[in-house]
Structures are given as C-alpha cells and as structure tokens.
Amino acid sequence: MKCKKCKRQLPDNSIYCNWCGFRQIVDSTEIRVPPPKQNGKAFYNQVTVDGERAYVTADTEEEYYAKARAAKLKIIEIKKAAPKLTLGTAIDNYIKANDKVLSPSTINCYKSYRKTRFQEYMDCDIGFIPYQKMVNEEAAKNVSAKTVHNAWRLVTAAWPEALGEPPKINLPKKRKSVRPWLDYEQIDKFCKAIRGKPYELGALLALQGLRRSEILYLSAEDVDLDAGIIHVRGAAVIGTGNKLVRKDTNKNYSSTRDVHIVIPRIAELVRGKKGLLVTTNPTTLYGLINGLCEKNGLPQVGVHGLRHSFASLAYHLNWSEATTMREGGWSNTDTVHRVYTHLASKDADADIAKMKEFYS
C-alpha cells in the first residue's frame, strides 16, 4: 500500500506512515475534517457544521485539525463562511463603491489592473487563493516591481472585512529610479529651442513648476497678468476610456496655490488668449517635448521632468525650501529632499573643486 499523504510505499495494513507519520486507517469514531490548505504560514479550509460552511484558519496544521474538529463538535463557534466571493468580484465591488470618492485617474488605473493583473486568479474564491504564489507568478512576468506593488495594494484595499486582515506576503523590491531633468544651462538651451513651437506654452508652464494635470486644467481666466499670478485651482486627469476629466480639486492641499510668473515668455503667450491654454493631448505633448530634447542633445525629460527642472533651478538659485514648496505645490520637505531637489552637476563639480583647492 502507499501512504495517503506522501505516497511512499508502506507495508500492508499499516496504521501510520513510517515516513511522514500520517495515519492510514481512520477510526470510525474520529471526527473527519478536510485537510488544510496553506497560504504562507496560515493553514485554512472550510468545514460543514449543521449543513452550513464555516471557515477555519490556524497558524499550524495541528491547530487547524483541533479547531476544525472542535467546530464540528460545536465545542467552539467559528464564523460561518460567506458565499463564494471571487477576487474579481471583490475588486469590482471596491471600484464601484469608491467611484465617486477616488480620483478618476486612480479609478482608471484600478480598472486597468483588474483587466491585466492576476488574471489566472480573478475567478477564484478570494479566501482560498495561494497569494504568495499569485504574486510570485506576476512578478515573473515582464512587469515592473512597482506595478506588482500597486496591483497588490488594490487586492488588499478590496479585501473583505469578514476575512480579517489580508495575508502578509513578500513583494519584489522596487528599484530606485531618478527621473531625468535639465540643469540651469540646459534650461536656457531648451527655452531657446522651443520658442515659437505650438506646444511652447505647455512646456514653459511645466518649467514654471506646474503638474501636467494642472496645466491641462488651466484657462486664460486663471492667469492674472497684471499681478503676474497663475491661480492653480483644479486639475484635468485621465479617466475611464482615456478621456480627460476636469475636477475642481488638486492632488493635495498645497497644490491649490497662487504661482508667481517667473518666465516672462509665459505672459507673452497667454496675453489675448481665451479658454483653455493647452489643448494638446497629454501623450502628444510628452512626445513632442522628448523629440525636441533629443534633437538638441538634451535629456528626454517629458512634462514632469520639466517640473523637476524647476526644483533643480530653484536649488541652484538658493531659493528657500519654503518658497520652492509653495510655488511648486509640494506638501512636505521630505518630498523635496527625496525626489525633487536635484543638485545640478555643475554645482556639484564646483563644490568638489572647492574642496580640492582647500587640500592643495
């Protein structure tokens, strides 16, 4: 005979397996329960109590069997198992419940993850998925660690309260990436190269420190040329169907602000205009800026890289952090330090030269 668990060969009529210790002959008086499944360090399964399913989970296999048999004997009470809820349905329910609360761009991103990530498990019962295996398989595909992190964040957000806390799993490590930007000499070259181009205003507004969503929302009525002020009071983001959705709120509290026009050319381009200032498709604007940069031997910074360039120039000109944060709409100094305060290489070279001179 073979062991019912490890499948190794055993002498006939063996009560226990000599290899794994699994009992081969079951006492008719023993309370029989289904063997547990395992997810990470948790052991779980459903048992039937009075004709209804109940959910049993434990930290060890022995504890699972003890709790499951105790539940069958009604020595302990456990939660009745909820009707089957698939991972896909849980995510759909979460998106629908938050459709009017979250940003349209966030909802659009979540819908994309729903269609493209963890597809082999979307029709599986959410309580019985080997989540570490699911994440490992997704990470093995040609997707970034950041994408896997974001997709898993959606799963945990959609996790039903009835199942307790979401499982703890290991996620792939994200690589630290630095977005390219223009230093102060490259900014001068860029401004000269873009002058007169149809998309010049959009690019200069990014160099002024505005986000792409803020640029696409901006209208001529938001600019006070006499005071030299741009009133940032809303954003246009990509929503369902890749359509722009205008909303009267910004990314955070600090994003709603009055920006001083420091690039005179912006005032020239805005004067006499009415309605939306930039109507270029955001993807097209990104491509046009990168094409211009490549042609002129500059880093391909895109729209957001020009915003980074604004922070780099502010650092070079010794702006205070408070001024940089206020004009750029950043909410905390950590963000400025960690992401946006780029020390131009020319400045770094000058600092190194000073120390070399000291030691010489």
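Whether any residue in region 58-70 is in contact (Cβ under 8 Å) with a residue 12 or more places away in the chain, closer than 20 Å to Ala151 by Cβ and surrounded by 13 or more Cβ atoms within 10 Å (Cβ to Cβ) is what I want to check.
Step one: of region 58-70, the residues in contact (Cβ under 8 Å) with a residue 12 or more places away in the chain are 58-61, 63-65, 68-69.
Narrowing further to those that are closer than 20 Å to Ala151 by Cβ: none.
No, region 58-70 has no match at all.
Restricting attention to region 54-76, and to residues there that are β-branched (Val, Ile, Thr) and assigned to a loop (DSSP other than H, G, I, E, B), which single residue is nearest to Pro130 (Cα to Cα)? I'd like the intermediate steps shown before the answer.
Here is the first cut: in region 54-76, the residues β-branched (Val, Ile, Thr) are 56-57, 60, 75-76.
Okay, now just the ones that are also assigned to a loop (DSSP other than H, G, I, E, B), so 60, 75-76.
Details: Thr60: 16, Ile75: 29, Ile76: 27 Å.
Among them, the one singled out is Thr60.
Within region 159-187, can you find the residues that are of a type in the set (Val, Ile, Thr) and exposed (fewer than 15 other Cβ atoms within 10 Å of the Cβ)? Give the steps one after another, and end with the answer.
Residues of region 159-187 of a type in the set (Val, Ile, Thr): 169, 178, 187.
Across region 159-187, the qualifying residue is only Val178.
Among the residues of region 214-234, write down those that are assigned to a strand (DSSP E or B) and over 15 Å from Thr280 (Cα atoms). So that I can check it myself, show each step before the final result.
Applying the first criterion (assigned to a strand (DSSP E or B)) to region 214-234 yields 219, 223-224, 229-232.
Passing the criteria: Val223, Asp224, Ile229, Ile230, His231, Val232.
Among Val270, Val262, which is modelled with pLDDT of 85 or more and in contact with a strand residue (DSSP E or B) (Cβ under 8 Å, 6 or more places away or on another chain)? Walk me through how you get there before you give the answer.
On the way: Val262 fails: in contact with a strand residue (DSSP E or B) (Cβ under 8 Å, 6 or more places away or on another chain).
After applying the criteria, what remains is Val270.
So which of Ile238, Ile230 is surrounded by 15 or more Cβ atoms within 10 Å (Cβ to Cβ), touching a helix residue (DSSP H, G or I) at 6+ places or on another chain (Cβ under 9 Å) and within 22 Å of Pro104 (Cα to Cα)?
Working: Ile230 fails: within 22 Å of Pro104 (Cα to Cα).
Unique residue meeting the criteria: Ile238.
Run down Ala139, Ala145 and say which single residue is more than 18 Å from Cys109 (Cβ to Cβ) and either in contact with a strand residue (DSSP E or B) (Cβ under 8 Å, 6 or more places away or on another chain) or of a type in the set (Gly, Ala, Ser) (or both).
On the way: Ala145 fails: more than 18 Å from Cys109 (Cβ to Cβ).
Just a single option satisfies the conditions, and that option is Ala139.
May I ask you to say which residue of Ala68, Ala82 is out of contact with any helix residue (DSSP H, G or I) (no Cβ under 9 Å at 6 or more places or on another chain) and either at pLDDT below 80 or over 21 Å from Pro166 (Cβ atoms) (or both)? So that I can check it myself, show each step before the final result.
Values: Ala82 fails: out of contact with any helix residue (DSSP H, G or I) (no Cβ under 9 Å at 6 or more places or on another chain).
Testing whether each residue is out of contact with any helix residue (DSSP H, G or I) (no Cβ under 9 Å at 6 or more places or on another chain) and either at pLDDT below 80 or over 21 Å from Pro166 (Cβ atoms) (or both) leaves just Ala68.
How many residues are aliphatic (A, V, I, L, M) and part of a loop (DSSP other than H, G, I, E, B) if we restrict to region 111-130? Outline the logic, then answer.
As a first pass, look at region 111-130 and keep what is aliphatic (A, V, I, L, M): 122, 126, 129.
Then drop every residue that is not part of a loop (DSSP other than H, G, I, E, B), which leaves 122, 129.
Number satisfying all stated conditions: 2.
Of all residues in region 126-158, how many are among the aromatic types (Phe, Trp, Tyr) and more than 17 Å from the chain's Cα centre (by Cα)? Talk me through it step by step, then tell me what you get.
To start, the set of residues in region 126-158 that are among the aromatic types (Phe, Trp, Tyr) comprises 128, 131, 152.
Those still in the list that are more than 17 Å from the chain's Cα centre (by Cα) too: 128, 131.
Residues flagged as among the aromatic types (Phe, Trp, Tyr) and more than 17 Å from the chain's Cα centre (by Cα) within region 126-158 amount to 2.
I want to confirm something. Restricting to region 158-200 and keeping residues that are farther than 30 Å from Asp347 by Cβ and part of a helix (DSSP H, G or I), which single residue is modelled with the highest pLDDT?
For region 158-200, the residue satisfying everything is Glu161.
Of all residues in region 77-110 being part of a loop (DSSP other than H, G, I, E, B), among the aliphatic types (A, V, I, L, M) and in contact (Cβ under 8 Å) with a residue 60 or more places away in the chain, which is surrounded by the fewest Cβ atoms within 10 Å (Cβ to Cβ)?
Kept after step one, since they are part of a loop (DSSP other than H, G, I, E, B), are these residues of region 77-110: 77-79, 81-85, 98-103.
If we keep only those that are among the aliphatic types (A, V, I, L, M) as well, we get 78, 81-82, 85, 101-102.
Of the ones still in play, those that are also in contact (Cβ under 8 Å) with a residue 60 or more places away in the chain are 82, 85.
Values: Ala82: 14, Leu85: 16.
Ranking the candidates gives Ala82 first.
Which members of region 251-287 meet the condition of being farther than 25 Å from Met325 by Cβ, polar (S, T, N, Q) and either surrounded by fewer than 15 Cβ atoms within 10 Å (Cβ to Cβ) or under 24 Å from the mean Cα position of the chain (by Cα) (or both)?
Across region 251-287, the qualifying residues are Thr279, Asn281, Thr283, Thr284.
So if I check each of Val155, Val148, which one is in contact with an Asp or Glu (Cβ under 7 Å, 6 or more places away or on another chain), in a helix (DSSP H, G or I) and not assigned by TED's automatic domain parsing to the domain that holds Ala54? Please lay out each step first, then the result.
Details: Val155 fails: in contact with an Asp or Glu (Cβ under 7 Å, 6 or more places away or on another chain).
Unique residue meeting the criteria: Val148.
Would you be able to tell me the number of residues in region 269-303 that are of a type in the set (A, V, I, L, M, F, W, C) and within 16 Å of Cys191 (Cα to Cα)? Please lay out each step first, then the result.
We begin by selecting, within region 269-303, every residue of a type in the set (A, V, I, L, M, F, W, C); these are 269-270, 276-278, 285, 288-289, 292-293, 298, 301, 303.
Narrowing further to those that are within 16 Å of Cys191 (Cα to Cα): 269, 285, 288-289, 292-293, 298, 301, 303.
Looking only at that region, the number is 9.
If you scan region 165-201, which residues turn out to be small (Gly, Ala, Ser) and without any contact (Cβ under 8 Å) to a residue 40 or more places away in the chain? Break it down stepwise before answering.
Filtering region 165-201 for residues small (Gly, Ala, Ser) gives 177, 193, 196.
Matches in region 165-201: Ser177, Gly196.
Of these, Ser360, Ser331, Ser320, which one is assigned by TED's automatic domain parsing to the domain that holds Leu210, surrounded by fewer than 18 Cβ atoms within 10 Å (Cβ to Cβ), free of Cβ contacts under 8 Å to residues at least 12 places away in the same chain and of a type in the set (Gly, Ala, Ser)?
On the way: Ser360 fails: assigned by TED's automatic domain parsing to the domain that holds Leu210; Ser331 fails: free of Cβ contacts under 8 Å to residues at least 12 places away in the same chain.
That would be Ser320, the only listed residue that is assigned by TED's automatic domain parsing to the domain that holds Leu210, surrounded by fewer than 18 Cβ atoms within 10 Å (Cβ to Cβ), free of Cβ contacts under 8 Å to residues at least 12 places away in the same chain and of a type in the set (Gly, Ala, Ser).
The values are calculated or read from the model by the stated rules, or taken from the named source; none is laboratory data. Please read these numbers as outputs of a predicted model, since none were measured by experiment. When we count neighbours, we look across all protein chains shown, and the Cβ atoms used for this are built from the backbone with ideal geometry, even at glycine.
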